[in-house]
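The values are calculated or read from the model by the stated rules, or taken from the named source; none is laboratory data. This is a predicted model, so every value here is computed, not measured. When we count neighbours, we look across all protein chains shown, and the Cβ atoms used for this are built from the backbone with ideal geometry, even at glycine. Heads up: the accessible areas ignore ligands, DNA and RNA and are worked out on the full protein's heavy atoms, side chains in. Shrake-Rupley method; radii C 1.70, N 1.55, O 1.52, S 1.80 Å.
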Amino acid sequence: MPKFRTPVAILAALALLASPSVPAVERSQVPERLTWNLADLFKTQDAWDAALKDVQRRIPRLAALKGTLASSADQLKRALDLWMEVSKDAARVGVYASMLADQDTRDTKAAAMKQRAEQMQVDLGSATAWIRPELIGLGADRIRGSLAAEAGLAPYRPLLDDVIRRAPHTLSAEDEALLASMGSVSDTGQSVYGTFTGAEMPFPEVKVSTGETVRVDQAAFTKWRAEPNRADRQVVYKAFFSRYHDFRRTLAATLAGQVQAHDAARKARKFESSLQSALFNDNVPVEIYRQLLDDVHANLPTLHRYLKLRQRLMGVDKLSYEDLYAPIVPKVDLRFTPEEAQAITLEAFEPLGPEYVAALKKGYAERWVDFLPSTGKRQGAYSNGAYGVHPFQLLNYNGRYEDLSTLAHESGHSMHTYLSDSAQPYVTHDYPIFVAEVASTLNENLLFHHMLKSVGDDDTRLFLLGSYLDNLRHTLFRQTLFAEFELAIHQRVEKGEPLTGDDLNTLYLGLVRKYYGHDAGVCQVDDVYAVEWAYIPHFYYDFYVYQYATSVVAAVSLANGILTEPQGTTASRDAYLTMLKSGSSDYAVPLLEKAGVNMRTSAPFQAAMAEMNRIMDDMDRLLAKRKG
Ligand SMILES: [Zn+2]
């Protein structure tokens, strides 16, 4: 790997960008090689315009096919082919406009293009809304007959099988239309919550140790919760959550409204529970959800070991809830130029084989990635793709270890897209969410192991080990706690029980205290944090967060298999790459099983816990050495 050496000029530029008080550079000043090449999608904006018009021209042809699917297997194939072709072209038009707008959110021309593309997508959705109900109307026998009669339908088998699977939970056309018309109403809880906490909630102001007065909104809270000064953290935490507590009744009403909407929809669709209804979409068995909760409960001692280690490293008498985001070891300021980050990730991914590394290397060279922040550029990071072109990544790369890790993460998504797109027809190119975060997290894991091998000094090792443990605490334990809370509130509504602010506080505090070992003296959780549920937007997403935990479990387990593969064999790696090439040609759980992790068992979770304990053993050794 390259040394952690950075040319002075670039380091200065990166440091400048890292400080939010200094305006970022204009996009025109960013070197071209560090920008993505949107010309690979459309050479000119005129070409984009022509493509948009071409899609719009074909949309009515899709609407006109209504009622023809039953006429013959051949007609069915022609209709599905046209649907996929238009969808593929529409997606390319949409991806271009949205990425152009993300480059500079002040660009009104790009914003207008994005709006036109969105309207086109809405039109396409309306013109094709009849397809799934009509397919269901064909019935399982007829669909299977068509699949047998027309070989050209083979790529559509997963789609058609899924239609058959959904039939028992699909209503009559009239009832479906009624449910769809209720769709916007059912999200009122979420939209009121978003508006209130995003724009209108009066956040408190506190005075911190520097004498500065800080307004503690969500962004300030995430900054201050990681501050080394404990007194400041405590002041900020207390003020922030006390304010949520003031509004707990309103915020309970918005959350209860959302949960009741989930409950009404699952009843209408004849599901036994909201959990079953939510997991049905990706065909994930509810046992996997329960398995995760059981596994986490059984392994709380491992979390407690981590918390005690954190207490020891922070040198506090008693760990409290305000300490969980503070740095546990003096921060080692690792810096990497974008070129170094590319080289390091390519080396770190070598266990995935030469084909994988060569494709990503080519992707970096051909400008898949938009690296640097610039004025007006969208925050955060993502990977996006256009079928038949290649993936793209938006980053706001600032040269820190977190940024390197983000590149590894997003490159995991990009390569998943690249491999699936290369191997699959359009209809099955898109992979399920349940596996998506496995591909990204696995690459973070490979980066971590690569860095550990490459660094010599103990401080850097401690920093890497500590960051990795923090990440497991957060994605594995905290997200599962959320998943358990989410399940409990849905079960209460299913039983017809109310959800008041005080009910939610009691429930949440009980869970947090259990997870963090409050009664056992592991971590003090004060009463005021009972309201933390009101701060978490994910509870509105309908059983989403558990996938953060299952992804990290699967990724650690798969990475383990790949890294410990006996010399001379590549079976684990090959099985994993096959999954990356599978898109949505199968469901998530069988895809993972073929890749080498059976999420129906505790084995992958045990592998993750073994890794977490190994890391803590390493840290113990390093700390003992330091003392001695
Ligand atoms: Zn991701």
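Yes or no: His450 outside any loop (DSSP other than H, G, I, E, B), within 16 Å of the ligand (Cβ to nearest atom) and either open to solvent by less than 40 Å² (accessible area, probe 1.4 Å) or in contact with a Ser or Thr (Cβ under 6 Å, 6 or more places away or on another chain) (or both)? No, not satisfied. The lone criterion from (1) open to solvent by 50 Å² or more (accessible area, probe 1.4 Å); (2) under 30 Å from Glu32 (Cα atoms); (3) assigned to a helix (DSSP H, G or I) left unmet by Asp141 is number (2).
Out of Val332, Val236, report the one residue that is of a type in the set (A, V, I, L, M) and part of a loop (DSSP other than H, G, I, E, B). Answer to the selection: Val332. Applying the criterion of being more than 16 Å from the ligand (Cβ to nearest atom) and within 18 Å of the chain's Cα centre (by Cα) to the residues of the stretch 453-471, the residue that is surrounded by the fewest Cβ atoms within 10 Å (Cβ to Cβ) is Asp470. Just one of the listed residues (Ser414, Ser405) is more than 24 Å from Ile328 (Cβ to Cβ), within 15 Å of the ligand (Cβ to nearest atom) and crowded, with 19+ Cβ neighbours inside 10 Å, namely Ser414.
Residue count for the stretch 65-78 under the criterion of being surrounded by 19 or more Cβ atoms within 10 Å (Cβ to Cβ) and either within 15 Å of Ile136 (Cβ to Cβ) or polar (S, T, N, Q) (or both): the result is 2. If the condition is being without any contact (Cβ under 8 Å) to a residue 12 or more places away in the chain and of a type in the set (A, V, I, L, M, F, W, C), then the stretch 154-172 contributes only Ala154. Of the residues in the stretch 149-156, at least one is under 21 Å from Met84 (Cβ atoms), open to solvent by 70 Å² or more (accessible area, probe 1.4 Å) and either modelled with pLDDT of 95 or more or of a type in the set (A, V, I, L, M, F, W, C) (or both). Restricting attention to the stretch 337-366, and to residues there that are assigned to a loop (DSSP other than H, G, I, E, B) and farther than 18 Å from Asn445 by Cα, which single residue is most open to solvent (accessible area, probe 1.4 Å)? Filtering first and then ranking leaves Glu366. Summed over the stretch 276-331, residues that are more than 30 Å from Trp224 (Cα to Cα) and among the acidic types (Asp, Glu) total 4.
Only residues that are open to solvent by 10 Å² or more (accessible area, probe 1.4 Å) and either free of Cβ contacts under 8 Å to residues at least 40 places away in the same chain or in a helix (DSSP H, G or I) (or both): list them for the stretch 417-432, please.
The answer is Thr417, Tyr418, Leu419, Asp421, Ser422, Ala423, Tyr426, Val427.
Screening Val553 against (1) open to solvent by 40 Å² or more (accessible area, probe 1.4 Å); (2) touching a residue at least 60 places away in the same chain (Cβ under 8 Å) leaves a single unmet condition, (1). Being more than 12 Å from the ligand (Cβ to nearest atom), of a type outside the set (S, T, N, Q) and under 13 Å from the mean Cα position of the chain (by Cα) is a property that Phe434 has.
Hey, among the residues in the stretch 110-127 that are within 13 Å of Val55 (Cβ to Cβ) and touching a residue at least 24 places away in the same chain (Cβ under 8 Å), which one's surrounded by the fewest Cβ atoms within 10 Å (Cβ to Cβ)? Only one residue fits best here, namely Glu118.
Within the stretch 300-333, which residues are more than 25 Å from the chain's Cα centre (by Cα) and aliphatic (A, V, I, L, M)? Passing the criteria: Leu307, Leu309, Leu313, Met314, Val316, Leu319, Ile328, Val329, Val332. Residues in the stretch 510-529 that are among the hydrophobic types (A, V, I, L, M, F, W, C) and over 26 Å from the mean Cα position of the chain (by Cα) were compared, and the one that is nearest to Val192 (Cα to Cα) is Val528.
When Ser420 is tested against (1) out of contact with any His (no Cβ under 7 Å at 6 or more places or on another chain); (2) of a type in the set (Gly, Ala, Ser); (3) more than 11 Å from the ligand (Cβ to nearest atom), only condition (1) is not met. Of all the residues in the stretch 548-582, those that are under 17 Å from the mean Cα position of the chain (by Cα) and farther than 24 Å from Asp295 by Cα number 1.
Pull up the stretch 369-388, narrow it to residues that are assigned to a loop (DSSP other than H, G, I, E, B), within 23 Å of the chain's Cα centre (by Cα) and more than 16 Å from the ligand (Cβ to nearest atom), then point me to the one that is surrounded by the most Cβ atoms within 10 Å (Cβ to Cβ). The qualifying residue surrounded by the most Cβ atoms within 10 Å (Cβ to Cβ) is Phe371. Restricting attention to the stretch 389-402, which residues are open to solvent by less than 10 Å² (accessible area, probe 1.4 Å) and within 15 Å of the ligand (Cβ to nearest atom)? Listed by number, the residues that qualify are Pro391, Phe392, Gln393, Leu394, Leu395. Quick check on the stretch 189-199. Is at least one of its residues within 32 Å of the chain's Cα centre (by Cα), within 30 Å of Trp83 (Cβ to Cβ), part of a helix (DSSP H, G or I) and without any contact (Cβ under 8 Å) to a residue 24 or more places away in the chain? No; the residues of the stretch 189-199 include none that is within 32 Å of the chain's Cα centre (by Cα), within 30 Å of Trp83 (Cβ to Cβ), part of a helix (DSSP H, G or I) and without any contact (Cβ under 8 Å) to a residue 24 or more places away in the chain.
On the given criteria, is Gln547 open to solvent by 40 Å² or more (accessible area, probe 1.4 Å) and within 19 Å of Arg473 (Cα to Cα)? No, not satisfied.
Within the stretch 244-291, the residues that satisfy the criterion of being among the charged types (D, E, K, R), open to solvent by less than 60 Å² (accessible area, probe 1.4 Å), more than 28 Å from Ala554 (Cα to Cα) and touching a residue at least 40 places away in the same chain (Cβ under 8 Å) are Arg248, Asp263. Out of the residues in the stretch 493-512 that are assigned to a helix (DSSP H, G or I) and free of Cβ contacts under 8 Å to residues at least 60 places away in the same chain, which is least open to solvent (accessible area, probe 1.4 Å)? Per the stated criteria, the residue is Tyr508. Restricting attention to the stretch 175-226, the residues that are among the hydroxyl-bearing types (Ser, Thr, Tyr) and open to solvent by 70 Å² or more (accessible area, probe 1.4 Å) total 6.
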